[in-house]
Amino acid sequence: MYKENIFQQQTKQYDATALPKWVGEGTVDRYFGASADEKEGHLSKCLDGGLFERFLCDEASNAVFECLGFKEVVQTLVPAASKKLYARMRDTAPVFAQLELSGLWIDLGGGFVKHIGGGKVFAADKLFAWKNPHGLCSVTIKFSKALAEWLDAVPWEQLRLYLEQSCAKWDQNRKFSVFLGPSTDDADVGSSVGKPDALNKMKRLFSSLVPCTKLVVEASPFAVDTSFVHNLPRMIQDLQLFGDNTGWSKPFLQSIKGHFGSLRRLGLPAGCVNVPMLVATIENSVDELTIKNVDGRQRLGPQDLAMLFERFQAVELDSSLISAFPSTKNKAKLTSLTLRADRHNFFIQMLMGLPSSVRSLRICNDTFSSNILTLDVSQKQKYNTKFVHTLVMEGFADNLEQLWKVLKHDLFPNLKRLSIVITANERAANNVKGKREEIRRVQLQTLDQCRTKRLNIDTVLETKH
């Protein structure tokens, strides 16, 4: 692909006299001379020592800062940064893409941990002095077991103002997501009792994230109620609330429906409200639903599933929630189904009960590293999979033989695209290039050459962000 897109294209001709403003006047020859090493491929010698600094001080370097980050550019490539360069970064440079606050530990994307301020990153004149991290697109807040200590240690008001500044010049084409949850399974939420001022300052943080389009609350040290929802930004399109102190009720659902202008997805734990009330309240205001089996004990009956499939375009479910699929003869609005495979022996049941309206199917290997896609070819005629055009398999890259069996037996006869998503915790993530070559090799060597040539197979590497 690189050869086709790059080497076979006609070389673009540049005008050596039309230089960017940050370079200066003159021609290219004024700034670059012959390489000190005559071997092919060596870079020309830079004749202007200030050229690199002028580039980093100009807006032209925005993409460099956003891609590499402050640590890599300044600390690695610039041994002695000037006052002008530091001023440029403080005022306008995109410094990092992700901010993760986990207990008293902070990570600013790409392993950039506690780098600013020599470990005093929470000081008001350290991290918060960087005025505009333009590349910031993800904020993760994880509270620790020592919650009372953590609430006092984090300067919530300064952090809120800092994020508010970075959001002021937000690019409308960029997605911004926020995650809130415990850093460990034994996080002591109850230890926040007696810290109302700190909790209120923390809650104010969420109302200031104006460009936020996705909010996921796995757990919260404060109550997620109607007042919390009313203080959230109206731009949120994907709202997922799974905490056990979320006040699920019909008025709460109505407040969600009335507050957000264009809520596309709503996520909630199974069993928090009955399905008929859920459907009656939010139908026609939300297109997609995500339902999790948080306590592992819930089940959705065929009638509840039928109601969800008939009223929503996209649904995401844990496979453990499904005791039996509804009849495939029922009319359904559902076109996209995502199943998180959190138990074994789900595959045959899904193949037989898949609604005929589903065109896109995604299966996420949620729990088991070797979750087996059990096949029964003798029942192939009963499988209701002929309408699926797109299949996404996430977390199965360490055992691709299962996927080749699915393709070999043609269980999805009209499949046009297969996406293999490699997750960060799989062994395959350590050698994505080799895994892609293996997938391509198997695709070319498969006996049914005509079938595999029509099928587009691609791979995607997903990170924790």
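The values are calculated or read from the model by the stated rules, or taken from the named source; none is laboratory data. What you are looking at is a predicted structure, and each value in this text was computed from that prediction instead of being measured. Please note: Cβ atoms are built from the backbone with ideal geometry, for glycine as well, and neighbour counts cover all protein chains shown.
For the range 201-225, which residues satisfy the criterion of being within 18 Å of the chain's Cα centre (by Cα), aliphatic (A, V, I, L, M) and more than 12 Å from F176 (Cβ to Cβ)?
If the condition is that a residue be within 18 Å of the chain's Cα centre (by Cα), aliphatic (A, V, I, L, M) and more than 12 Å from F176 (Cβ to Cβ), then V216, V217 are the ones that fit.
Out of the range 22-38, which residues are at pLDDT 70 or above, surrounded by fewer than 10 Cβ atoms within 10 Å (Cβ to Cβ) and either among the charged types (D, E, K, R) or under 17 Å from A60 (Cβ atoms) (or both)?
Selection gives E25 alone.
Suppose we filter the range 265-310 for residues that are within 17 Å of D342 (Cα to Cα) and hydroxyl-bearing (S, T, Y); how many remain?
Of the residues in that region, 1 qualify.
Given the condition among the hydroxyl-bearing types (S, T, Y), modelled with pLDDT of 90 or more and outside any loop (DSSP other than H, G, I, E, B), answer yes or no: does some residue in the range 351-367 qualify?
Checking the range 351-367: at least one residue is among the hydroxyl-bearing types (S, T, Y), modelled with pLDDT of 90 or more and outside any loop (DSSP other than H, G, I, E, B).
Among the candidates G119, G111, G135, single out the residue that is at pLDDT below 65 and touching a helix residue (DSSP H, G or I) at 6+ places or on another chain (Cβ under 9 Å).
G111
Has the range 85-99 got at least one residue that is under 30 Å from S144 (Cα atoms), touching an Asp or Glu at 6+ places or on another chain (Cβ under 6 Å) and modelled with pLDDT under 80?
There is at least one residue in the range 85-99 that is under 30 Å from S144 (Cα atoms), touching an Asp or Glu at 6+ places or on another chain (Cβ under 6 Å) and modelled with pLDDT under 80.
Picking from Q172, Q158, which residue would you name as being at pLDDT 80 or above and among the polar types (S, T, N, Q)?
Among Q172, Q158, only Q158 is at pLDDT 80 or above and among the polar types (S, T, N, Q).
Looking at (1) modelled with pLDDT of 95 or more; (2) out of contact with any Leu (no Cβ under 9 Å at 6 or more places or on another chain); (3) among the small types (G, A, S), which one does G267 not meet, given that it meets all the others?
(2)
Just to verify a result, which residue in the range 321-349, among those that are at pLDDT below 95 and part of a helix (DSSP H, G or I), is surrounded by the most Cβ atoms within 10 Å (Cβ to Cβ)?
The selected residue is F347.
For the subset of the range 373-388 comprising residues that are farther than 23 Å from M307 by Cα and surrounded by 14 or more Cβ atoms within 10 Å (Cβ to Cβ), which member is farthest from the chain's Cα centre (by Cα)?
K380
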